[in-house]
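Q: Okay, handing you the structure first.
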Amino acid sequence: MTWRGLTLALLQAALMGLGWWLGQAWGVAAGALLATWLWMVWDMWRARKLLVWLRSTELQQAPAMSGLWGELSTRMRRWLRLGTQQVQQSEQRLQDIFAALQASPNGLILLDATGHIEWCNQMAEQQFGLDAQRDMLQSMGNLVRDPAFSAYWARHDFAQPVLMQGRDSTAARPVRLSVQLYAYGDGRHLLLSRDITSLEQAEAMRRDFVANVSHEIRTPLTVLVGFVETLQTLPLEEDERKRFLGLMAQQATRMQSLVQDLLTLSRLEGSPLPARGEWTPLAPLLRQCEDEARALSDMVTRKSGQAHVLEFPPASAVQIDVAGIPAELQSAFSNLISNAIRYTPAGGHIAVTWTSHADGSATFAVQDSGRGIDPEHVGRLTERFYRIDRSRSRETGGTGLGLAIVKHVLQRHGAQLHISSILGKGSTFSATFPAQRLRAHAIGFTGN
């Protein structure tokens, strides 16, 4: 303000001095009036320049001015820059929020007060078959025609979620969604959808597991209780007594095997993954498996008098170390070999092989000449308690958990289980280990 007044005073003084020099009295007054008029025009021109800048879109290109208008220009530019930064920060935060919502494993849909889509993430597009561009501002009730959701939408009671089939659900691979609406803002709603397929499958597996365990234990337990009551209440001959006690011992052994396998599965699922620095020599491991296999073969073929033909690779062909826990690897290999022996008729052929591949990986395989497996059963063989023939499995002493244990052991060691079978010709169970879990046998290594 001081500068503006000083500028006006100096201009008036100059023009009044000019008028005085011209020698006319009215020249002084005219000079003062002219000076005031010129100053106002100049000041209005500066204000106009500032106004034009404010009306333009190039707000960063502020005019260079001094005085009051220059200070106003500087302050306005500072406020505009601050406002722009705040808007940019808000937009960035909003984009971060939307990016986080896009990364959510759940489907998210924002609905306006009339139920039309304002925004949805990619997971919601996948689960409901939506297109974010095409279906924007479309009614959610018209786009999702599942009967369960339609009834839920029509009730307008969103206190509990609704369960419905996913868009990609098939009989072979069912998909189940849990969908719920949550109110927010001025009549708006957030639709949250979660894929609960794995949860429902886990719950079904838990129920089946409990039912199977109960059934597997109840049968031998019923036999034991019956024999105990018989021994307690009836006088028996020594031969009958021995026979009953033998049957009781057989059922008790069966329950013991079942409990042992359950404990093994529990330990495998709850223990940390095997370290890659723990190396197990393969040759002695297979030699132990061979000794157990020949003993088992002698036992199951004793009545027929015709033993199995067993083939194992020579020690010189398996000078390999495998990274992993010896007891677990031996359990997996023995399970595969014992299964082949139990389900191959006397006199049949069983071959155990170890094959190295060009990429450094290797495959342990057990091939038998048994009855083979129907293709419809192959995909479910590693499920707990899954049996093709329950009576046959119990006769051979199986608990229905052997292949489940094998699968868990191989997964823990980075290997993959493959099953191929031809009815009437036999089966092959193979486990392929990655190259990083194998090395040439170290000389002087004593194992674990």
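The values are calculated or read from the model by the stated rules, or taken from the named source; none is laboratory data. None of the values given here were measured: they were computed from a predicted structure. FYI the Cβ positions are ideal-geometry reconstructions off the backbone, even for glycines, and counts take in every protein chain you see. Quick note on the areas: whole protein, heavy atoms, side chains included, nothing else; ligands and nucleic acids left out. Shrake-Rupley method; radii C 1.70, N 1.55, O 1.52, S 1.80 Å.
Q: Quick check for you: with a 1.4 Å probe and neighbouring chains kept, what is the accessible area per residue of region 195-330, in Å²?
A: Numbers: 8420 Å² over 136 residues.
Solvent-accessible surface per residue comes out at 62 Å².
Q: Once phi is turned into θ = phi - 60°, what whole-Hz ³J(HN,Hα) does the Karplus curve with 6.51, -1.76 and 1.60 give for every residue of region 308-321, x standing for Gly and Pro?
A: The phi angles translate into 6, 9, 9, 10, 10, x, x, 4, 5, 8, 10, 7, 10, 10 Hz.
Q: Report, by chain and number, residues whose modeled amide H sits under 5 Å from the one on HIS441, excluding near sequence neighbours (fewer than 5 apart, same chain).
A: Residues meeting the amide H criterion: ILE320, ASP321.
Q: Further, regarding this structure: ³J(HN,Hα) across region 90-100 via Karplus (A = 6.51, B = -1.76, C = 1.60, θ = phi - 60°), whole Hz, x for Gly/Pro?
A: 5, 5, 5, 4, 5, 5, 5, 5, 5, 5, 5
Q: Considering region 201-314, what Rg and Dmax in Å follow from its alpha-carbon atoms?
A: 20.6, 62
Q: Let me ask something else about it. Out of residues 5 or more away from ARG176 or on other chains, whose amide H comes under 5 Å of its own, with H placed 1.01 Å from N in the peptide plane?
A: Close amide H contacts, sequence-distant or interchain: GLY166, ILE196, THR197.
Q: A follow-up question, please. Ignoring ligands, DNA and RNA, what percent of the 1.4 Å accessible area of region 278-385 is carbon and sulfur? Intermediate results must be reported in sequence, preceding the final value.
A: Working: 2540 of 4970 Å².
Carbon and sulfur: 51 percent of the exposed surface of region 278-385.
Q: What ranking of LYS407, LYS425, LYS242 comes out by heavy-atom accessible area, probe 1.4 Å, highest first?
A: Working: LYS407 65, LYS425 150, LYS242 125 Å².
Most to least solvent-accessible, the answer reads LYS425, LYS242, LYS407.
Q: Just by accessible area at a 1.4 angstrom probe, what is the order of TRP42, TRP119 from largest to smallest?
A: Details: TRP42 105, TRP119 45 Å².
Listed by decreasing accessible area, they come as TRP42, TRP119.
Q: How charged is the neighbourhood of ALA132? Take every other residue with its Cβ under 14 Å from the Cβ of ALA132, and add Lys/Arg as +1 and Asp/Glu as -1. Each step should come with its number before you reach the end.
A: Details: positive: ARG134; negative: GLU118, GLU125, ASP131, ASP135.
Once positives and negatives cancel, what remains is -3.
Q: Which lysines, on any chain, are close to LYS303 with Cα under 25 Å apart, when same-chain ones fewer than 8 places away are left out?
A: LYS242, LYS425
Q: Taking H as built 1.01 Å from N, whose amide H comes closer than 5 Å to the amide H of THR280, not counting residues under 5 places away?
A: VAL322, ALA323, GLY324
Q: On a C-alpha basis, how far is the centre of region 305-327 from the centre of region 333-389 in Å? Whole number, if you could?
A: If you average the Cα positions of each part, the centres end up 14 Å apart.
Q: Let me ask something else. Please list the three semi-axes, largest first and in whole Å, of the ellipsoid equivalent to region 114-245, using sqrt of 5 times the eigenvalues of its alpha carbon gyration tensor.
A: Numbers: eigenvalues 691, 44, 21 Å².
Sorted largest first and rounded, they come to 59, 15, 10 Å.
Q: Each residue of region 273-281 in order: what ³J(HN,Hα) in whole Hz does its phi give by Karplus 6.51 cos²θ - 1.76 cosθ + 1.60, θ = phi - 60°, with x for Gly and Pro?
A: Result, ordered by residue: 5, x, 6, 7, x, 9, 9, 10, x Hz.
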